[in-house]
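The values are calculated or read from the model by the stated rules, or taken from the named source; none is laboratory data. Because the structure is predicted, anything quoted here is derived from the model rather than measured. With ideal geometry, Cβ positions are generated from the backbone for all residues, glycine too; neighbour counts draw on all protein chains shown. Note: accessible area is taken over every heavy atom of the protein model, side chains too, but ligands, DNA and RNA are not part of it. Shrake-Rupley method; radii C 1.70, N 1.55, O 1.52, S 1.80 Å.
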Amino acid sequence: MSQSISTAVQEAVTDTILDTAAQETATDTIVNIDLDVQAQKGPDLRKDHPKSHGLVWGEFKVEENIPESLKVGIFAQSKTYPLWMRLSNASPAQKRGKLASDLDPDVRALAIKLLQVEGEKVLDDEQETQDFLMINHPVFFVRDAQGFANLTKASVGQANEQELRSLQPTFEVLKAVTSKQVANPLLIQYWSTTPYKLGSVSIKFSVKPHQQDTPGSPSTCETYLREAVVEYLTEKGKDANGTKKSSKPCRISGTDFKAIEQ
C-alpha cells in the first residue's frame with residue numbers, strides 16, 4: 001500500500017514539473033516583458049531590485065564546526081572570503097527617475113557575493129565568485145518558471161482569467177511577505193526560499209542577525225531603510241572605544257549563515 005501511495009505521489013510530482021520547452025517559453029515571456037518595462041521606466045537601472053539601501057564590504061568566515069555532510073564547495077574547509085553585500089527593495093522603478101518608496105509594502109532582499117572562490121562555475125559570466133540570493137520570507141511566491149511568467153504578465157495587465165486564478169497562492173505569499181514591518185534591513189532574517197544541491201543533500205540557506213529588528217513608530221521618510229542602514233553602520237554601531245563600525249568589515253560567520261538540510 002505504501003509503495004502504491006509513494007508511486008502515485010511521485011507521478012503527481014512528475015506531472016507538475018515543466019519540461020524544457022515550457023521552461024524556455026516561460027523564460028522568454030519574463031525576459032521580453034522585463035526588457036519592455038525596463039526600457040520605459042528605467043533603462044539605466046536593473047529591472048528588479050533597483051533600489052539599494054546599502055552596499056557593504058565584509059568577510060564571510062567558514063567555521064570549522066559545521067556538519068560533515070555540509071563540508072562541500074566553499075564550506076569544505078575553514079576559510080575567510082571577502083564579500084560584497086547588497087540590501088534592496090524588490091519593486092521595479094515606478095517611472096523614469098522615480099523608485100518605489102520604502103514606505104510601500106515590498107519584498108526586502110539581501111544579496112551576498114563572495115570573492116576569491118576557486119573552482120568551476122555553472123555560469124562563466126564571472127570568475128572566482130559565488131552568489132547567495134535571499135528575501136525576507138522562507139517561502140518563494142511562485143512554484144516554477146510558468147508561475148513567474150504568469151505573475152510578470154499580471155504585473156503589466158496581460159494575464160488572462162485562468163492565469164490570474166492560478167496566481168491566488170502567489171498573492172497570498174506576497175501578502176504575507178509585504179505585510180512585514182521592517183525598521184532596519186540589517187536586523188532581519190533572510191532565506192534562500194528555494195532549495196540548492198550541496199554535495200549529496202538538498203539545502204536551503206538563511207542569514208540571521210545577532211541583534212533583532214525592533215520596529216517602532218512608522219516612519220514618514222521614503223528612504224528610511226537606507227537611512228537606518230547608514231545610521232547603524234556609523235552612529236549607533238560605534239564600538240566602545242568610539243571607532244565607527246563602518247571602518248571595519250562586516251563579518252558573517254557560521255553562527256549567522258546556516259544551511260538547512262531538506
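Annotation note: of Leu87, Leu45, the sole residue that is buried (at least 16 other Cβ atoms within 10 Å of the Cβ) and modelled with pLDDT of 95 or more is Leu87. Out of all the residues in segment 16-34, is one or more modelled with pLDDT under 80 and more than 19 Å from Val107 (Cα to Cα)? Within segment 16-34, one or more residues are modelled with pLDDT under 80 and more than 19 Å from Val107 (Cα to Cα). Residues that are surrounded by fewer than 18 Cβ atoms within 10 Å (Cβ to Cβ) and closer than 26 Å to Met85 by Cα within segment 31-42 comprise Val31, Asp34, Leu35, listed in sequence order. Within segment 59-69, the presence of at least one residue that is under 30 Å from Gly199 (Cα atoms), in contact (Cβ under 8 Å) with a residue 12 or more places away in the chain and among the small types (Gly, Ala, Ser) is confirmed. With respect to (1) surrounded by 15 or more Cβ atoms within 10 Å (Cβ to Cβ); (2) modelled with pLDDT of 95 or more, the lone exception for Ile203 is condition (2). Of the residues making up segment 86-100, those that are farther than 20 Å from Ile30 by Cα and in contact with a strand residue (DSSP E or B) (Cβ under 9 Å, 6 or more places away or on another chain) are Arg86, Leu87, Ser88, Leu99, Ala100.
The residue that is nearest to the chain's Cα centre (by Cα), counting only those in segment 102-156 that are over 18 Å from Ile203 (Cβ atoms) and among the β-branched types (Val, Ile, Thr), is Val107.
For segment 131-143, name all the residues that are assigned to a loop (DSSP other than H, G, I, E, B) and among the charged types (D, E, K, R). Selection gives Arg143 alone. All of (1) within 24 Å of Gly54 (Cβ to Cβ); (2) surrounded by fewer than 18 Cβ atoms within 10 Å (Cβ to Cβ) hold for Asn184 with one exception: (2). Sub-7 Å Cβ pairs linking a first residue in segment 206-231 that is within 13 Å of Ala183 (Cβ to Cβ) to a second residue that is outside any loop (DSSP other than H, G, I, E, B) and open to solvent by 70 Å² or more (accessible area, probe 1.4 Å), at least 6 apart or interchain, are Cys221/Glu227, ordered by first then second residue.
Condition (residue is in contact with a Leu (Cβ under 6 Å, 6 or more places away or on another chain), under 22 Å from Val156 (Cα atoms) and at pLDDT below 95) applied to segment 54-70: is it met by at least one residue? No, segment 54-70 contains no residue that is in contact with a Leu (Cβ under 6 Å, 6 or more places away or on another chain), under 22 Å from Val156 (Cα atoms) and at pLDDT below 95. When the test is whether a residue is at pLDDT 95 or above and either open to solvent by 60 Å² or more (accessible area, probe 1.4 Å) or among the small types (Gly, Ala, Ser) (or both), Ala111 passes it.
Among the residues of segment 144-163, not a single one is among the hydroxyl-bearing types (Ser, Thr, Tyr), without any contact (Cβ under 8 Å) to a residue 40 or more places away in the chain, assigned to a helix (DSSP H, G or I) and open to solvent by less than 80 Å² (accessible area, probe 1.4 Å).
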